[in-house]
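Let me begin by presenting the structure, written as structure tokens, before commenting on it.
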Amino acid sequence: MLYKFPPAARQMAIAGRITSDDVLTLRKLVYPDGKISQTEADWIFELNHACGDVDPAWSTLFVEALTDFLVYQMEPQGYLSDDNASWLIGHVARDGKVEGLREMELLVHVMQ
């Protein structure tokens, strides 16, 4: 699904790596207008799955951006609707299990 990534994120996905400098680039890509789109949220998940070697700052951005999207930008704001929960489960448990601590941390943050 590399076609959905912006060019900079595509290169990270191909390399399978996200550096601290990459995290700064990604933050600028997903927050230029202060909001995260559905497309951005989708490719954030895909990038997470594609990259096994990541800087710890990626975990922070991953959890922050997707929590913002699901809890504070999607309707109803401040609440995880059934539809939004289904979207999240579809990404987190796409192979029947949670893949790693980043996704577990995201689940905890979204439910708080």
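Summary of computed values
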quantity	calculated
Cut-off under 5 Å, modelled amide H: who pairs with residue 54 long-range	18
C-alpha long axis of helix 38-50 to longest principal axis of the chain, angle in °	60
From phi via Karplus (6.51, -1.76, 1.60), per-residue ³J(HN,Hα) for segment 71-76 in Hz, x at Gly/Pro	9, 10, 10, 7, 7, x
Ranked by how many other beta carbons lie within 10 Å on average, peptides 31-37, 75-81, 85-91 from highest	85-91, 31-37, 75-81
Unit charges on C-beta of K, R, D, E only; dipole of the chain, Debye	220
Whole-Hz couplings from phi, Karplus 6.51/-1.76/1.60, listed for segment 52-61; x for Gly and Pro	x, 10, 10, 5, x, 5, 5, 4, 4, 5
Correct option for Cα extents along the principal axes in Å [calculated from the coordinates] among (1) 56, 45, 22; (2) 35, 33, 25; (3) 42, 30, 28	(2)
Helix-only CD estimate at 222 nm, as mean residue ellipticity for the chain, using -39500 (n - 2.57) per DSSP H run (n ≥ 4)	-18000 deg cm²/dmol
Burial ranking of peptide ranges 97-107, 59-69 (average Cβ count within 10 Å, highest at the top)	59-69, 97-107
Relative contact order (percent, whole number), segment 19-112, Cα cutoff 8 Å, 6+ residue spacing	29
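Read the figures in this text as sums done on the coordinates, not as results from a lab. Just so we're clear, the structure is a prediction, and the values are computed from it rather than from any experiment. Please note: Cβ atoms are built from the backbone with ideal geometry, for glycine as well, and neighbour counts cover all protein chains shown.
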